[in-house]
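What follows is calculated from the coordinates using simple rules that are stated; it is not laboratory data. Keep in mind the model is a prediction, meaning the values are calculated, not measured. Cβ placement follows ideal geometry from the backbone for every residue including glycine, while neighbour counts extend to all protein chains displayed.
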Amino acid sequence: MTGHEFAGEIVELGANVHDLRVGQRVSGEGHLIGKTSRQSRSGKFHLDPETRGIGVNEPGAFADYLRLPAFNAVPLPDTIDDEIGAILDPLGNAVHTALSFDLIGEDVLVTGAGPIGIMAAAVARHVGARHVVITDVNPLRLDLAAKVADVVPVNVATEDLKEVMSRLHMVQGFDVGLEMSGSQAALDQMVESLVMGGRIALLGIPPGKSPVDWSRIVLKSLTLKGIYGREIFETWYKMIAMLENGLDVRRVITHRFPVSDYREGFEAMLSGKSGKVVLDWA
Ligand code: NAD
């Protein structure tokens, strides 16, 4: 069963669970980690090669009830309502990616204005980046990005990114790139647009094998970092703290449906005209 982005209320606890209570509002980390790998035993849970995914390898959240190890539950403070609680998984992807490198005072390029790219751009702004430019080929997504955060949207199908960079007085290029599209063209453009010694965090997953201009990366001394999931649980702490201190991503939710209208929800999502779509079981 599918579904890995969720929030809800605890209805039952395992016999040995003492630090959670029935009725408590929680979201949860959907990566179920093993306890035996070197990474897990040294506390790097997000790097555990035995990770299994809720909604991927284990029954998911498109159900009346979800079973989750107590370790994975993340209690929600009253300041975070259920619909924000339900998008903490993808917000966590955005936070993990955006906080990979120091962004204070830096010029940041986000490629891909899907919900995660938009939220990453909002995080970059929140933590003090100088200019945040977000690219896409879908004008509706770029309009949404500009509604969610104070970013410069660029449609790379119709606009010249280099012109935008010169308008923003970027002498050499962007300091940091956050790749959020999985598009070969976007990564090529990012490598081209970064400064010498620039840093790239890659979250987007390309559909297949994708050629990389390796020598360009070497000769520009770029640092590339792949990002999988969220840091367990450092990303969760940081994300909740930022939400409680003014990070506002609510407008990335563009559609809300009762769960009985799930078909419309999926259609909205597949149309390319939505941000996040939330289904409500209440
Ligand atoms: P999405 O598909 O909604 O958004 C991707 C966006 O990239 C789209 O709006 C698309 O129009 C845009 N795009 C396509 N070509 C482009 C180009 N040349 N330049 C700029 N933008 C372009 O995806 P999402 O839900 O926001 O997720 C972002 C990416 O992260 C996806 O590739 C997804 O598979 C991946 N992902 C990775 C992880 C992980 O753990 N690594 C987790 C979740 C999602």
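A few notes on this one:
- Placing +1 on each Lys and Arg Cβ and -1 on each Asp and Glu Cβ, with no other charges, gives the chain a dipole about its Cα centre of roughly 620 debye.
- Between the Cα long axis of helix 139-148 and the first principal axis of the chain there is an angle of about 70°, rounded to the nearest 10.
- Least to most buried among TYR65, TYR228 (fewest other Cβ within 10 Å first): TYR65, TYR228
- The fewest-to-most ranking of MET1, MET239, MET170 by surrounding Cβ atoms within 10 Å reads MET1, MET170, MET239.
- For ILE200, distant residues with modelled amide H under 5 Å away: GLY177, THR223, LEU224, LYS225
- Other residues lying with their Cβ under 9 Å from the Cβ of GLU29 contribute a combined charge of 0, Lys and Arg counting +1, Asp and Glu -1.
- Debye, to nearest 20: dipole size of region 1-112, +1 on Lys, Arg Cβ, -1 on Asp, Glu Cβ: 660
- Stokes-Einstein D in µm²/s, Kirkwood radius over Cα pairs - region 235-282 at 25 °C with 0.890 mPa s viscosity: 202
- Beta bridges from DSSP with both residues in the chain: antiparallel share about 25 percent, rounded to the nearest 5.
- Per-residue 3J(HN,Hα) values for region 102-116, derived from phi via the Karplus relation 6.51 cos²θ - 1.76 cosθ + 1.60 with θ = phi - 60°, read 5, 10, 5, x, 8, 8, 10, 10, 10, 9, x, 9, x, x, 6 Hz in sequence order (x marks Gly and Pro).
- Centroid-to-centroid, using Cα positions, region 163-191 and region 52-74 are 37 Å apart.
- Modelled spin labels at ARG52 and VAL137, positioned 7 Å past Cα toward Cβ, are 3.8 nm from each other.
- 0 to 90° range, to nearest 10: angle between helix 234-244 axis and the chain longest Cα axis: 90
- For GLY53, net neighbour charge (Lys/Arg +1, Asp/Glu -1) across residues whose Cβ lies under 13 Å away: -4
- Taking 15 Å as the cut-off, the amide N atoms of region 179-213 that come nearer than this to a point 7 Å along the Cα-to-beta-carbon line of TYR228 belong to 202-206.
- Inter-label distance for VAL259 and MET196, nm, one decimal - labels placed 7 Å from Cα along Cα-to-Cβ: 5.7
- Region 234-282: trypsin sites (Lys or Arg not before Pro) in DSSP coil with no more than 14 other Cβ atoms inside 10 Å: LYS273
- Nonlocal amide H pairs with HIS4, under 5 Å, H built at 1.01 Å: ALA61
- The chain: angle of helix 88-98 to the longest principal axis, Cα-based, in degrees nearest 10: 30
- GLU244/LEU13 FRET efficiency (R0 30 Å; Cβ-Cβ; nearest 0.05): 0.70
- Judged by the mean number of other Cβ atoms found within 10 Å, the most tightly packed of the peptides 48-59, 135-146 leads the ranking 135-146, 48-59.
- The amide H of GLY275, built 1.01 Å from its N in the peptide plane, has THR254, HIS255 as neighbours under 5 Å, considering only residues 5 or more places off or on other chains.
- Arranged from fewest to most other beta-carbon atoms within 10 Å of their beta carbon, ASP175, ASP213, ASP89 become ASP213, ASP175, ASP89.
- Antiparallel DSSP beta bridges within region 1-159, percent to nearest 5: 45
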